[in-house]
1. Might you report the magnitude of the Cβ-based charge dipole of the range 41-289 about its Cα centre, with Lys and Arg at +1 and Asp and Glu at -1, to the nearest 20 debye?
2. Whole-Hz Karplus ³J(HN,Hα) for the range 223-228, in order, using 6.51 cos²θ - 1.76 cosθ + 1.60 and θ = phi - 60°, x for Gly and Pro?
3. What's the ranking of 120-132, 185-197, 223-235 by average number of surrounding C-beta atoms within 10 Å, highest first?
4. Can you find, among 267, 194, 84, the residue sitting farthest towards the positive end of the charge dipole of the range 41-289, where Lys and Arg contribute +1 and Asp and Glu -1 at Cβ?
5. Taking H as built 1.01 Å from N, whose amide H comes closer than 5 Å to the amide H of residue 119, not counting residues under 5 places away?
6. In debye, nearest 20: dipole of the range 76-154 around its Cα centre with unit charges on the Cβ of K, R (+) and D, E (-)?
Amino acid sequence: MTDPSSGGPTPDGGVSEEFDDVDPDAVSGDADGPGSTDGSPGVAVAVALVLGVLGPVIALVSGVAIFAIDAAVGGLSLAASVVLTLIFGQYVAFGGLAMGYLAWRGFDREGIVSYLGVRVPSLKEVGIVLGSWVLILISVLVVSTIVRLLGTETAANSSAELAMGNPSIIPLFIAASFLVIGPCEEILYRGVVQGRLRESLSAVPSILLSAAIFAAIHVIALTGGVSAQLTTVSILFVPSLVFGAVYEYTGNLVVPALLHGLHNAVLFTVLYVTVTQVDPSELPAILGFLPV
């Protein structure tokens with residue numbers, strides 16, 4: 001995490017002040033040093049929005065490229081297609097964009113690690129991951145139950161639908177949750193988007209905005225009507241908030257990355273057991289809300 005009063009990386013990569021306030025008028029960073037930015041909140045929000053939207057755009061473009069490759073070779077296997085999608089749609093679109101942005105700002109490798117707050121989690125932080133996952137599970141179950149009681153339609157997640165139709169690839173998704181999806185999406189949406197917002201805004205609006213951006217970009221992975229998609233995005237906002245709060249509290253990007261990976265992996269595991277052992281029509285609605 002960055003020190004919001006200076007815009008530079010926290011020297012010791014330590015735990016950030018929880019929900020502390022910053023001076024919105026403070027200019028981030030040394031004017032001539034690496035990582036220096038315009039301290040304007042408006043600029044911070046604009047940059048966060050551009051980065052948050054650009055990631056999915058790159059992912060969509062890469063999807064077109066993979067489709068072209070598939071046509072050129074006469075058809076890729078499903079596993080190969082999924083692996084290519086993960087590489088280009090996650091490593092390149094999200095992780096690559098985040099690293100490229102920080103490099104463009106002048107951070108070297110050590111500076112990037114310090115800015116993001118990447119370090120081996122402590123035992124306490126592992127406990128935070130587990131406790132936060134329980135909180136997410138309970139919160140999403142409560143919200144999704146309320147949605148069902150209200151009779152509101154929800155959208156389906158394309159990844160969940162693909163997995164339901166092809167259970168053999170679910171183990172790949174489970175592994176990818178920890179190795180690809182969690183790390184790449186958290187690097188961009190918590191490390192860079194939320195981190196950039198924190199250079200000019202206090203913790204609460206930064207967490208809310210980054211969570212809103214992250215939840216909203218999932219529209220590209222949802223199927224159904226506009227109303228159903230908006231409902232599902234609203235539900236996805238819940239785990240997004242927890243990811244952001246955990247990052248703010250610990251200052252360690254590995255923690256929300258593990259939490260994100262754990263959440264997705266558990267849902268994919270439940271999906272696998274349900275599809276292979278139970279009537280798919282009995283799948284709980286929560287499986288449509290995979291924040292992948």
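Please treat every number below as a calculation from the coordinates, not as lab data. Given the structure is predicted, the values throughout are model-derived calculations rather than measurements. Methodologically, a virtual Cβ is constructed for each residue, glycine included, from the backbone with ideal geometry; neighbour enumeration extends over all protein chains shown.
1. Values: 8 positive and 12 negative charges, 92 e Å.
Computed about the Cα centre, the dipole is about 440 debye.
2. 10, x, x, 4, 4, 5
3. Numbers: 120-132: 14.2, 185-197: 28.2, 223-235: 17.4.
Per-residue mean Cβ counts within 10 Å order the peptides as 185-197, 223-235, 120-132.
4. Selected residue: 194.
5. Here the answer is 253, 254, since their amide H atoms fall under 5 Å of that of residue 119.
6. On the way: 5 positive and 4 negative charges, 18 e Å.
Charge dipole of the range 76-154: 80 debye, to the nearest 20.
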